[in-house]
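Okay, structure first, notes after.
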Amino acid sequence: MAATETDFTNALTPRYMAWYSFTRNPTAIIGALMVISVVVLAVFAPLIAPYPEHVGAAVNFRARHAAPDWTYWLGTDKVGRDILTRVIFGFRISLLLVVGVLAIAVPIGSALGLLAGYFSGWTEKIITGFTNVMLAIPPLVMALAIGNVLEPNLVNAMIAITLLWWTWHARLVYRVSKSIASEDFVEAARLAGASHWHILTREILPNCISVISVKTTLDAAFVILFGATLSFLGLGVKPPTPDLGSMVADGRQFLPEMWWGVLAPGFAIFYATLGFNLLGDGLRDMFDVEV
Amino acid sequence: MSELLKVDGLDVSFHTYGRRLHVLKDVTLAIPQGGRVALIGETGSGKSVTSKAILGTLPGNAKIESGRILFKGDDVLAMPRGKRDALKGTAFSIIMQDPLSSFNPVFRIGRHLDDVMRFADLRLGNRSSTAERRQRIFEVLRKVQLADPERVCAAYPSQLSGGMRQRVLIALSLLHQPQLLIADEPGTALDVTTQDEIMKLINRLVAENGLSLLMITHNLGVVRQMADEIYVMRHGEIVEHGPLSEIFSRPRQAYTRQLIDAIPPLYGANVTDQEPAAGDAIVEIDGVSKVFEDRPLFGRGHRHVAVNDVSLAIRRGEVFGLAGESGSGKTTVARMIMGLIRASDGKLRIDGKPVEEQRGSAAFRRKIQIVYQNPGTSLNPKRTVGQTLRVPLAFAGMRGKAVEDRIRELLLQVDLPDHYVSKYPHELSGGQKQRVAIARALAADPEIIVLDEPTSALDVSVQKNVIALLTRLREELGLTYLFISHDLSLMRNFCSRIAIMLRGEIVEAGEPRQVFETPEHPYTRALIAAVPVISDEEEKRKPAVSDEDRRRYLVDTAA
């Protein structure tokens, strides 16, 4: 090795730089803690919630519409069930929805975007055209239609959201993969005889991962919000399963006297959404990508 | 001569990601009144940081640890903010490096110039009217040889050529008659002929207006034309300084000597002549043209003739150089030979068979491979050296231990140690990355390698090593090179045959000795004459260029 070529082995690694900027970004850390708390509450709900029996069709008329006190920290609803318990279990439904939607929408959207960005010509035209058509459908109208045609329940709400959600990922990944596909290293791989599959999964996809993960985190917030909207409109989970959106809808009838019935689930939606948004913003700064 | 600017024991450190980088160590330099001083060094040596410290434009994470910067005896570092800002543009000003990104594309040139002038006037407390400023701007534009200031002012940055933009940048720095001009690699992004014009212009401006010049560059040929005194920087330290003639003829430091030796000579005793190859033609190109057309849905499309009726033959075992300035079509020719784009017209044959029939086949991959200009973009940042090298081997059907052995062999061939297989590109220097790129091209075991400006992104000393490696590989493996470059002095020494391209056509071809000693085409003469060289002897042996030819081929810079 020639003496003049500087040794770069001690250079800052991207991983170190990303971790450094993440740990020095207070909002990202707060967001991460909020998300972790939501996940912990949801996963360990039966252990944490004070009245796990209030999740189902329990009735406790003696304590109905109780204001928050030391027995029921966040008060009770119209049949006397503990709202804190139901909010904690409500997180479960929200996260289930997030996982269900994103586990399908993200891979499909990313795969289509990847294909459209790498292959030009008709593949690109058809995929981007179809994506644009899907983007033109108002999500709420689509969900209402599906909810009315099929039975309104969690799975159908999930299907409705998924059907539209992949489009955003397709668009984003399309943009990124198109720019990466024109890089020299992709051409070099092709000249080395690499297959399309290899180029898509080994050369282009790894360079899209940071964008996809940031977008997915930000998406989680929107899915929670959208899921709550659907169940607020009565298209989500069926009672008595606790769901943040339908709890707001239930409590709404008793406003303004029984304010706790709306405030607790409303705040829970706000808390989860904000957590994912802050985390997503933090990741975006950390990976230095545009979403 | 009194000192206009003196930098005394300057220490600067950067704080990034919780680490402290000591980038300038005890830098001391002096610029005399009316003197021309050059600061030379390779990438990362701290040249630009020095100029930024003088100008007061260091980024926020930089800290001046100690030292003084004296301008006419006053320490600018101790000055209050306002007083220091008032020096910008009037005491010293900078000629920017990149003629394109220095302009905001949505504003007209006139607006850029007027803004700078207006704010400088405000800082100095002068009141000026738009019309009066316009007069002053026109005057400065004429000074930088832009003949039609009105048109230049009304143009958007993208409507001007690179040379014209560079001239406007020079005009920007001259708006307020500064006493010290700092030129940070001016013209590096431009073609040699344009760069030559810019150098001459700066030189004249400095001489006519009695300015002092601080020239920051890595190009020693440029230094010879533009400086009287030289400071050599390395790793943030000044390792040597002295008058130009002394540094060039009797460098004291090994590092300086190494820098000077790394520059390929254009003429003289040190020039290497490559043996002409006697083999049969392996690449034959016959009357090839390439027209880029776009046909929009509405309106008339554009037609751009990138390559026009080019014929050439590359013999087995030779280094064929394709020279030309940007936009001359040399890369397009190479991409057609590689089968990456189709020719609009004409025949391309490799080993007697048309490229069209072979492209994409495994046999064709063993014929021809490419090394790209920028190793930063030709290696996937998310893949290790080993993973990158495995691709061509795996797709050639190699499996298991054979792959590992071959990777080790390839790394050995390009002088990289074994353990580099697990390194990512960001852990490598530019030269090491280019070695990996060469190893990848070798992996397919090709007969021909297209070298698309393989060293233009590297420092000269690294370039020398890479060229030595390429020469050795050619001898060991019997390779044929198609070498694309705009660096004529490098091509003089490395190529066994060379062709000069101008606007899509080959204007001259032959063995380097003959082309450089007796260039026939006026463009070739103009091109060779513009190459910056490091000795007077070489300067004298350059071909003469008549003013008429200069006008004919170098028109676009001055408008």
Using a 1.4 Å probe on the protein heavy atoms, what percent of the accessible area of chain B belongs to carbon and sulfur? 49
For all pairs of alpha-carbon atoms in the protein assembly as shown, what percent lies in each bin of width 10 Å, listed from the first bin to the last filled one? 2, 10, 16, 19, 18, 14, 10, 6, 3, 1, 0
I'd like the interface area for chains B and A: accessible area of each alone minus the complex, both sides summed, 1.4 Å probe, protein heavy atoms only. What is it in Å² to the nearest 100? 3100
In terms of solvent-accessible area of protein heavy atoms at a 1.4 angstrom probe, what is the ranking of B:455, A:128, highest value first? A:128, B:455
Residue A:53 to residue B:77: FRET efficiency via 1/(1 + (r/R0)^6), r the Cβ-Cβ distance, R0 56 Å, to the nearest 0.05? 0.15
What percentage of the solvent-accessible surface of chain A, computed with a 1.4 Å probe over protein heavy atoms, is contributed by carbon and sulfur atoms? 69
Among B:533-539, B:447-453, how do they line up by average Cβ neighbours within 10 Å per residue, starting with the highest? B:447-453, B:533-539
Is region B:405-469 best put as rounded, prolate or oblate by its Cα gyration tensor, with a ≥ b ≥ c the root eigenvalues, rounded for a/c under 1.5, and otherwise prolate when a/b is larger than b/c, oblate when not? oblate
Calculate I(q)/I(0) for chain B by the Debye formula, one identical point scatterer on each C-alpha and no solvent, and give its log10 at q = 0.06 Å⁻¹ to two decimals. -0.35
Give me the one-decimal nm value for the distance between modelled label points at residue A:274 and residue A:123, 7 Å along each residue's Cα-to-Cβ direction. 4.5
Would you jot down the residues in region A:186-202 that end up with at least 40 Å² less accessible area in the complete protein assembly than in the chain alone, with a 1.4 Å probe? A:187, A:188, A:191, A:192, A:193, A:198
For a test of the definition: using alpha carbon positions, the gyration tensor, and the 1.5 limit on a/c, classify region B:62-137 as rounded, prolate or oblate. oblate
Accessible area per residue for the protein assembly as shown in Å², computed with a 1.4 Å probe and the full protein assembly in place, what is it? 45
Roughly how much of residue B:409 is accessible, in Å² to the nearest 10, using a 1.4 Å probe? 90
Keeping all protein chains in place and using 1.4 angstrom, which order do B:123, B:250, B:550 fall into by accessible surface area, from largest down? B:250, B:123, B:550
In the structure shown, of B:47/B:330; B:330/B:540; B:88/B:143; B:52/B:540, the pairs separated by more than 26 angstrom at the C-alpha atoms are B:47/B:330; B:330/B:540; B:52/B:540
Want the number for residue B:311 to residue B:366: 0.36 nm per residue separation, take away the alpha-carbon distance, what's left? 17.4 nm
List the residues, sorted by chain then number, that are 5 or more residues from residue B:501 or on another chain and whose placed amide H is less than 5 Å from its amide H. B:323, B:324, B:507
For region B:255-397, fraction of C-alpha pairs farther apart than 19 Å, in %: 68
Kindly express, to the nearest 10 degrees and within the range 0 to 90, the angle between helix A:83-118's C-alpha long axis and the longest C-alpha principal axis of chain A. 20
Whole-Å distance, taken between Cα centres, linking region B:415-439 and region B:64-114: 39
Accessible surface of residue B:17 - all protein chains present, 1.4 Å probe, nearest 10 Å²: 80
Within the set A:137, A:48, A:224, GNM on chain A using Cα springs under 10 Å gives the largest fluctuation to A:137
Most mobile of A:226, A:276, A:185 per a Gaussian network model of chain A (Cα springs, under 10 Å)? A:185
Can you tell me how much longer the chain between residue B:203 and residue B:250 gets when fully stretched, taken as 0.36 nm per residue apart minus their C-alpha distance, in nm with one decimal? 14.4 nm
Output the peptides B:356-362, B:5-11, B:475-481 sorted from most to least packed, where packing is the average of other Cβ atoms within 10 Å over each peptide's residues. B:5-11, B:475-481, B:356-362
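The values are calculated or read from the model by the stated rules, or taken from the named source; none is laboratory data. Bear in mind that the values here come from a model prediction, so they are computed numbers and not experimental data. Backbone-built Cβ (ideal geometry, glycine too); neighbour counts: all protein chains shown. All accessible areas refer to the heavy atoms of the entire protein, side chains included, with ligands and DNA or RNA removed. Shrake-Rupley method; radii C 1.70, N 1.55, O 1.52, S 1.80 Å.
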